[in-house]
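The block underneath contains the structure these notes are about, expressed in structure tokens.
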Amino acid sequence: MKFNYYPGCTLKTKAVELDEYARKCADALGFELCEIDEWQCCGAVYPLGVDQIAQRLPAVRALKATEADNKPLVTLCSACHHVLKRANYDVVDDKNFRDTLARHDPELAYTGGGEVLHYLEVLKNHIGFDEIAKKVKNPLTGKKIAAHYGCMLLRPGAVMAFDDPERPTIMEDFIKALGATPIPSPLRTECCGGYIRLTTPDKAAQMSQKVTNDAARMEADFMISACPLCVYNIGKEGTLPIYYFTEMLAEALGVKDE
């Protein structure tokens, strides 16, 4: 089972663990992440103006690169997933956007036929959490883990079509498959403050502490996330440890130290 793979720039620098553990776990679970050639930074934030074509070009180029072989494009970073999926949606939904792209660059005659998946969706829908549970060698029994979805992974709900944006369950089901106990914090879909870290660090710290204090109140041992920005910001300012979800998967599958 092969998937096209867009790692994004942060997974090559500050979040190498998210990428490395994902690749190890893919091998252990029997699927392959085929990194696409010459990908560019997604931009990290999806532009709000409909006429901001240039800011969408890296995402569209990545989508176009995967069109020929008819394999889904898999991402790990919450920001990359958000940008790629919204770009794909806009191409399908907005004829003016498609036409403008074609005029801007004739080689980008992309009609939105690709599929963007988050790595968690691969685990759930293509491998199956029940099958993952069967392959767990080191169950995380006794660990109480709070998933932090953050603000980008699930919203806007109609576009991401990933899980319920207010009451998600995919990461809690993932935690159960590893043998641990999920702690469904009410603030698990709140922003951690990462995007205002440089401009208003005090406010960012307050937001991270609010999120982690709530998980701690519910007696979580630690948190997991798919977002490099959340892991950085919460790790710096929060009151609970936070790890990439792929690290916990690698530990449970027995491939973390390979």
Note to self: Nothing charged except the Cβ atoms of Lys and Arg (+1) and of Asp and Glu (-1): what's the magnitude of the dipole of the chain about its Cα centre? Round to the nearest 20 debye.
What the structure shows: 400 debye
Checklist line | Fewest-first ranking of VAL231, VAL255, VAL159, VAL211, using other Cβ atoms within 10 Å as the exposure measure | finding: VAL159, VAL255, VAL231, VAL211
Note to self: Just want to confirm a number: the relative contact order over the chain, from Cα pairs under 8 angstrom separated by 6+ residues, in percent.
What the structure shows: 20 percent
Next item on the list: Mind telling me which of ALA59, ALA204, ALA146 comes out most flexible in a GNM of the chain, alpha-carbon contacts under 10 Å?
Entry: ALA204
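Which shape class applies to the chain: rounded if a/c is under 1.5, otherwise prolate when a/b exceeds b/c and oblate if not, where a ≥ b ≥ c are the square roots of the Cα gyration tensor eigenvalues? Mind showing how you got there, number by number?
Numbers: a/c = 2.05, a/b = 1.36, b/c = 1.51.
Because a/c hits 1.5 or more and a/b fails to exceed b/c, the chain counts as oblate.
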Note to self: If I stretch the segment between ASN138 and ASN213 completely, what's the gain in nm (0.36 nm per residue apart, minus their alpha carbon distance), one decimal?
What the structure shows: 24.2 nm
Checklist line | GNM top mover of GLY142, GLY194, GLY43 - the chain, alpha-carbon springs below 10 Å | finding: GLY142
Margin query: As a test of the formula, what do you get for the chain when each DSSP H run with n ≥ 4 contributes -39,500 (n - 2.57) and the sum is divided by the residue count, at 222 nm and rounded to the nearest 500 deg cm²/dmol?
Written below: -12500 deg cm²/dmol
Check: By counting other Cβ atoms within 10 Å of each Cβ, how are MET1, MET160 ranked from fewest to most?
Finding: MET1, MET160
Next item on the list: Can you tell me the dipole magnitude for segment 132-253 around its Cα centre, using point charges on the Cβ only (Lys, Arg +1; Asp, Glu -1), in Debye to the nearest 20?
Entry: 180 debye
Margin query: If the reach is capped at under 18 angstrom between alpha carbons, list the aspartates and glutamates near LYS236, excluding any in the same chain fewer than eight residues apart.
Written below: GLU17, GLU190, ASP202, ASP214, ASP221
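No value in this document is a laboratory result; all are computed from the given coordinates. Just so it is clear, the structure is predicted and the values come from calculations on it, not from any experiment. Don't worry about glycine lacking a Cβ; one is built from the backbone with ideal geometry, like all the others, and counts go over all protein chains shown.
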